[in-house]
Structure formats: structure tokens, C-alpha cells
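Asker: Before I ask anything, let me first share the structure, which is written out below as C-alpha cells.
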Amino acid sequence: MGCVASNTADAKADRLSRWSATGIVGLRDAKLKSFPDEVLELDRSVRTLDLTHNKLADIPEEICRLTNMQRLILADNVIERLPSNVGKLQSLKFLILDQNRVTILPDELGQLVRLERLSISGNLLTGLPETIGSLRNLLLLNVSKNQLKFLPESIGSCFSLEELQANENSIEEIPPSVCNLIHLKSLCLDHNKVKQMPPSLLKACKTLQNISLHDNPISMDQFQTMEGFQEFEARRKRKFDKQIDSNVMIGSKGLDEGVDL
């Protein structure tokens, strides 16, 4: 028994040493049911923590000790909530929570001012916190496959946002503040209940190249009468032509054709 205990201790020491040296903690498919306490022992050494495809239901408050963590990947678990002190992870740039059971995001999420990518598709969200507007460095927001009925007005303050994915929700209206997203390139709203878009969207968002609105009440005729449609079409065509000229190898549905209704 003593030999077994010694081997276990040695294995743990080797694991911690490796994680500390690389800053990368990879525990995918590890059949974990609780957050591994040994990770918390590393404190500031952790830069990436990947706990994809486990059975984690809770994330402990003590995760705030990982203050240098830049990537937190928690996809494919059974997580229902994030700790309120998640905002203390001030170095965080990537937060991936796809395929969990999260029903609400804490207001403290807005304290993650360095966040560049937030993906929380396939959860049970009915709303997003207004504090999301504090994420001024956010480049991608993916909230697809939730139960959202609207996007908060504050989303227009995510000034760096380039891609917004909100497919498969119950969104009826797009807030006018989306027109403030001058760097937005792609807006995906398939399978929602959108009846109309903010009238100045195409004119204001001069980098917008792709809008996908499959299975929504809005019609192509409505879209074509929006101010700035011709300019949008020109941008869309330039991107399309560039993809063709570059001989991009993609599937039949992979080519971005711009307005998709």
C-alpha cells in the first residue's frame, strides 16, 4: 500500500511540475465530477485551463486565485452557474462555456475587461447582464442555442466586437445600439423571431460583410430597402470574390454569401 501511495504522490508531483512549467492544464475527458483542487495549488502559474467534456456542476469561488489565467475552457459539462467573483480573473481573454446548463451570467462578468472571446452556446440563458457592455475588447460573442428573447441595449458598448452569433434563440428585436458596433463583420441570427433590423444598421456598420437570418419573419424586400444596402452588397461581393480568387477550399454551405434570409 505504501508503494501505491508513493507512486500516486509522485504522479501528482510530476503533473503539477509539468503544469507549472507550461502554464497549461489539460484535463479533457478526465471524468471529473468536481473541480480538481490540485489546480488551485498552482495559483498564478496557470495560463490555460481546459476542463472540456467532464461532469462538472460547480466552479468554486477559489478559482479567483488563478489570476494569470488567460483561457478558461469549460465546454461540455453540466455547469449551472459561474461564481460571482469570476470578475477577479482580470487576465482572462477566452471564456468558453458551450454545452452546459447555465441559466444566468453574473453581473461581475463585466469586470473581465480583457476578454476577447465569450462563447456560451447551448445553455439555458434567458438574458444577458447589462454589464456585458463593459467588455470593450470583446471580439466574438456566441450566445447561440439559448432561450434569449432579446439582446441588451448595452451590447452596443462592446466597441471591438467583430462577430455576433445568436442563432437558435427567440429574439424578436435587435437593439438600435448594435449600430454602434463599427467593427462588426458578421451577424448571425438564424432561427429567431426577428421582424425587422435597426434602420441604420447597414449604413452605420461599414465593415459588416455577412448577415444570416434564416428562419425569421423578416423578408428580403424589407432588408433591401434599408439605407446602406447597396454599399453592404458591394462589401459582401468583394469578400465573396476574394474567397473565390484565393481558391478557398470549403463545403457547399461554407461560402459566406452575405445576406442569408
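The values are calculated or read from the model by the stated rules, or taken from the named source; none is laboratory data. Small disclaimer: the values here were computed from a predicted structure and weren't measured. Positions of Cβ are generated from backbone atoms using ideal geometry, with glycine treated the same way; all protein chains shown enter the neighbour counts.
Asker: Of everything in region 120-148 that's among the small types (Gly, Ala, Ser) and touching a helix residue (DSSP H, G or I) at 6+ places or on another chain (Cβ under 6 Å), which residue is nearest to LYS93 (Cα to Cα)? Write out each step before concluding.
Answerer: Start the filter on region 120-148 by keeping residues that are among the small types (Gly, Ala, Ser), which leaves 121-122, 127, 133-134, 144.
Filter once more, so that each one left must be touching a helix residue (DSSP H, G or I) at 6+ places or on another chain (Cβ under 6 Å): 133-134.
On the way: GLY133: 16, SER134: 14 Å.
Taking the candidates together, the pick is SER134.
Residue by residue, here is whether (1) exposed (fewer than 11 other Cβ atoms within 10 Å of the Cβ); (2) polar (S, T, N, Q); (3) modelled with pLDDT of 95 or more; (4) farther than 18 Å from ARG71 by Cα holds:
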residue	(1), (2), (3), (4)
SER6	yes, yes, no, yes
ALA9	yes, no, no, yes
ARG15	no, no, no, yes
GLY23	no, no, yes, no
ASP43	no, no, no, no
LEU51	no, no, yes, no
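Asker: Could you list, in sequence order, all residues of region 177-197 that are surrounded by 15 or more Cβ atoms within 10 Å (Cβ to Cβ), of a type outside the set (S, T, N, Q), modelled with pLDDT of 95 or more and on the phi < 0 side of the Ramachandran plot?
Answerer: VAL178, CYS179, LEU181, HIS183, LEU184, LYS185, LEU187, CYS188, LEU189, ASP190, LYS193, VAL194
Asker: How many residues does region 149-163 hold that are under 24 Å from SER219 (Cβ atoms) and either among the hydroxyl-bearing types (Ser, Thr, Tyr) or touching a helix residue (DSSP H, G or I) at 6+ places or on another chain (Cβ under 8 Å) (or both)? So that I can check it myself, show each step before the final result.
Answerer: Within region 149-163, the subset under 24 Å from SER219 (Cβ atoms) is 149-151.
Those still in the list that are either among the hydroxyl-bearing types (Ser, Thr, Tyr) or touching a helix residue (DSSP H, G or I) at 6+ places or on another chain (Cβ under 8 Å) (or both) too: 151.
The qualifying residues number 1.
Asker: May I pose another question? Checking GLU62 against (1) part of a loop (DSSP other than H, G, I, E, B); (2) surrounded by 13 or more Cβ atoms within 10 Å (Cβ to Cβ), which single condition isn't satisfied?
Answerer: Going through the list (1) part of a loop (DSSP other than H, G, I, E, B); (2) surrounded by 13 or more Cβ atoms within 10 Å (Cβ to Cβ), GLU62 breaks only (1).
Asker: Now for a different question. For region 87-176, which strands (runs of 3 or more DSSP E) that fit wholly inside it have 1 or more residues that are under 12 Å from the mean Cα position of the chain (by Cα) and more than 23 Å from GLN209 (Cα to Cα)? I'd like the intermediate steps shown before the answer.
Answerer: Values: elements: 94-96, 117-119, 140-142, 163-165.
In region 87-176, 94-96 are the strands (runs of 3 or more DSSP E) which contain 1 or more residues that are under 12 Å from the mean Cα position of the chain (by Cα) and more than 23 Å from GLN209 (Cα to Cα).
Asker: Would you point out the residue of region 216-231, among those that are outside any loop (DSSP other than H, G, I, E, B), in contact (Cβ under 8 Å) with a residue 24 or more places away in the chain and not charged (D, E, K, R), that is surrounded by the most Cβ atoms within 10 Å (Cβ to Cβ)?
Answerer: If we take residues in region 216-231 being outside any loop (DSSP other than H, G, I, E, B), in contact (Cβ under 8 Å) with a residue 24 or more places away in the chain and not charged (D, E, K, R), then PHE223 is surrounded by the most Cβ atoms within 10 Å (Cβ to Cβ).
Asker: Cβ-Cβ below 6 Å, separation at least six or inter-chain, first residue in region 47-61 and in the same structural domain as GLY23 (by TED's automatic domain parsing), second among the acidic types (Asp, Glu): which pairs?
Answerer: Close Cβ pairs (under 6 Å, with a partner that is among the acidic types (Asp, Glu)) amount to THR52/ASP76; HIS53/ASP29; HIS53/ASP76.
Asker: Here's a follow-up. Could you list all residues from region 177-200 that are out of contact with any Asp or Glu (no Cβ under 8 Å at 6 or more places or on another chain), farther than 19 Å from MET220 by Cβ and of a type outside the set (Val, Ile, Thr)?
Answerer: Within region 177-200, CYS179, ASN180, LEU181 meet the criteria.
Asker: Here is a further query. Can you name the condition, by its number, that LYS203 falls short on among (1) closer than 30 Å to GLY122 by Cα; (2) at pLDDT 90 or above; (3) surrounded by 13 or more Cβ atoms within 10 Å (Cβ to Cβ)?
Answerer: Of everything listed in (1) closer than 30 Å to GLY122 by Cα; (2) at pLDDT 90 or above; (3) surrounded by 13 or more Cβ atoms within 10 Å (Cβ to Cβ), LYS203 misses just condition (1).
Asker: Here's a follow-up. Applying the selection to region 67-84, what residues are over 15 Å from LEU115 (Cα atoms) and either in contact with a Cys (Cβ under 9 Å, 6 or more places away or on another chain) or assigned to a loop (DSSP other than H, G, I, E, B) (or both)?
Answerer: Residues of region 67-84 that are over 15 Å from LEU115 (Cα atoms), as a first pass: 74-84.
The answer is LEU74, ALA75, ASP76, ASN77, VAL78, ILE79, GLU80, ARG81, LEU82, PRO83.
Asker: Let me ask you something else. Among the residues of region 35-56, what is the count of those that are part of a loop (DSSP other than H, G, I, E, B) and under 15 Å from ILE96 (Cα atoms)? Don't jump to the end; show me each part of the working.
Answerer: Residues of region 35-56 that are part of a loop (DSSP other than H, G, I, E, B), as a first pass: 35-36, 41-42, 46-47, 51-56.
Checking the rest, the ones that are also under 15 Å from ILE96 (Cα atoms) come to 47, 51-54, 56.
Residues in region 35-56 being part of a loop (DSSP other than H, G, I, E, B) and under 15 Å from ILE96 (Cα atoms): 6 in total.
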